[in-house]
Amino acid sequence: MAQNRMLYTELTTFRTVPSPATTQIISVIQRLAIDACKSRRFTQGVCLLIARARDICDHIHDLINEFQQSRDLDVFDRYTQMIENLEERLFEALFLTRMEMGETIDAEIVNPRVISCWAENRNLLQDIISDLHSEEDFGVSDDA
């Protein structure tokens with residue numbers, strides 16, 4: 001239980017002060033972190049996804065602060081597009097983790113459909129993580 005709490009705290013601690021514009025993103029990240037702490041499958045992948053999403057969210061906060069000081073509309077356009085892209089990918093990830101959490105599997109039964117679903121879900125999770133590393137959509141290097 002203490003490990004789960006530490007993992008949750010690590011995943012949901014932002015380096016920047018949150019903005020009202022990212023409230024929904026932060027809520028989804030927190031929900032994903034709860035799912036990651038309870039999950040038996042894809043835990044590492046979900047944690048990687050959350051960490052990347054948190055870093056992108058921190059970058060969005062930096063852009064919001066930059067816009068508030070400069071009033072540069074290009075900065076505004078960049079961070080609003082990033083919010084839209086990140087929300088879209090996070091909702092896909094949340095749907096995936098919710099599906100995974102809802103499945104109950106009898107250990108005695110090997111169901112090929114369920115095994116196939118796991119593989120598809122793992123691939124979807126990998127796609128989401130790859131998308132979050134897209135500099136074209138998020139403009140954040142992996143070092144952020």
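Specify which of the listed residues (R54, R71) is touching a helix residue (DSSP H, G or I) at 6+ places or on another chain (Cβ under 9 Å) and open to solvent by 20 Å² or more (accessible area, probe 1.4 Å). Working first, answer last.
Details: R71 fails: touching a helix residue (DSSP H, G or I) at 6+ places or on another chain (Cβ under 9 Å).
Matching residue, one of R54, R71: R54.
Out of the residues in region 18-49 that are hydrophobic (A, V, I, L, M, F, W, C) and over 13 Å from L94 (Cα atoms), state the one that is surrounded by the fewest Cβ atoms within 10 Å (Cβ to Cβ).
If we filter region 18-49 for residues that are hydrophobic (A, V, I, L, M, F, W, C), which is where we start, we get 21, 25-26, 28-29, 32-34, 36-37, 42, 46-49.
If we keep only those that are over 13 Å from L94 (Cα atoms) as well, we get 21, 37, 48.
On the way: A21: 14, C37: 18, L48: 18.
Once the filter is applied, the top-ranked residue is A21.
Taking region 1-55 only, how many residues are closer than 18 Å to V140 by Cα and either aromatic (F, W, Y) or touching a strand residue (DSSP E or B) at 6+ places or on another chain (Cβ under 9 Å) (or both)? Of the residues in region 1-55, 1 are closer than 18 Å to V140 by Cα and either aromatic (F, W, Y) or touching a strand residue (DSSP E or B) at 6+ places or on another chain (Cβ under 9 Å) (or both). Here is the figure for region 116-139: residues that are open to solvent by less than 80 Å² (accessible area, probe 1.4 Å) and either assigned to a helix (DSSP H, G or I) or among the hydroxyl-bearing types (S, T, Y) (or both) total 16.
The values are calculated or read from the model by the stated rules, or taken from the named source; none is laboratory data. Keep in mind that what you see is a predicted model, and the values were worked out from it rather than measured. Cβ coordinates were reconstructed from backbone atoms using ideal geometry, including for glycine residues, and neighbour counts include every protein chain displayed. The protein model used for the area step is the full one, side chains on, heavy atoms only, and it has no ligands, DNA or RNA in it. Shrake-Rupley method; radii C 1.70, N 1.55, O 1.52, S 1.80 Å.
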